[in-house]
1. Residue under question is residue 62, and the condition is that it be closer than 30 Å to residue 143 by Cα, charged (D, E, K, R) and not in a helix (DSSP H, G or I); does it hold?
2. Suppose we filter 142, 98 for residues that are exposed (fewer than 15 other Cβ atoms within 10 Å of the Cβ), modelled with pLDDT of 90 or more and outside any strand (DSSP E or B); which single one remains?
3. How many residues are under 17 Å from residue 102 (Cβ atoms) and part of a loop (DSSP other than H, G, I, E, B) when one looks only at the range 116-139?
4. Is there any pair with a first residue in the range 35-56 that is surrounded by 10 or more Cβ atoms within 10 Å (Cβ to Cβ) and a second that is at pLDDT 90 or above whose Cβ atoms are under 8 Å apart and which are 6 or more apart or on different chains, and what are they?
5. How many residues are out of contact with any helix residue (DSSP H, G or I) (no Cβ under 9 Å at 6 or more places or on another chain) and either of a type in the set (A, V, I, L, M) or surrounded by 10 or more Cβ atoms within 10 Å (Cβ to Cβ) (or both) when one looks only at the range 1-34?
6. Exactly one condition in (1) assigned to a helix (DSSP H, G or I); (2) of a type in the set (Asp, Glu); (3) in the same structural domain as residue 168 (by TED's automatic domain parsing) is false for residue 46; which is it?
7. Could you say which residue among 151, 87, 113 is modelled with pLDDT of 85 or more, outside any loop (DSSP other than H, G, I, E, B) and farther than 15 Å from residue 173 by Cα?
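The values are calculated or read from the model by the stated rules, or taken from the named source; none is laboratory data. For clarity, every value in this text was computed on a predicted model and none was experimentally measured. When we count neighbours, we look across all protein chains shown, and the Cβ atoms used for this are built from the backbone with ideal geometry, even at glycine.
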Amino acid sequence: MNSFWAQRTPGERRMLVIGLIVVAICVPLVLFPGGASGKKLLSAREARQQYESKLKEKAQLESDNERIKPLMDQMVYTEAPEALIPKVITTLQGYAKDSGIHLREIKPLRSKKVAGVTKETLSVRFTSEFGKTVPFFYRVEDPAGRLVVEKFNLTASDPKSRTVDVDAQIALFTKSDAAAPTAAGAGA
């Protein structure tokens, strides 16, 4: 063995050692594949039970959907967004007036098609006392209304006067067929 090793150049010796290491690692991996997840096939009875339980779960979800659909229809506007947005802006200005605040900016954002309805989002900005901000949000989130405060950011603009800068996103949903071109046009 010494004569075999002595006849080899240092580069060949290196290649032989690397080859032996690769073989030592690969042979056990090939002979004993441990990469399988260890999952076994279900028996026919267990598979049938899982299938039936998933089928019951699907039926329950469908019945929940049928029960919720009339409630959802009450919360969705049927007007086209082009006619609806000015009405909503007027409504928001009325809520602001009732709360004693002045809306600095109301800006429509991009429409999104979600689950068969179009979601319209408005960005609303204003500066006010914190005590007047909360009633405004309560009026917007009134269960009798159809508006939703999606998210808002309050920043203390002046700690001495206790005013806050508010940036809120208010969402509404419309089911109008005229909403589809608006949503498609917004993405173009």
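1. No.
2. Going through 142, 98 in turn, just one is exposed (fewer than 15 other Cβ atoms within 10 Å of the Cβ), modelled with pLDDT of 90 or more and outside any strand (DSSP E or B): 98.
3. Result for the range 116-139: 0.
4. Going by the 8 Å Cβ cut-off, the qualifying pairs are 42/50.
5. 20
6. (3)
7. Going through 151, 87, 113 in turn, the sole match is 151.
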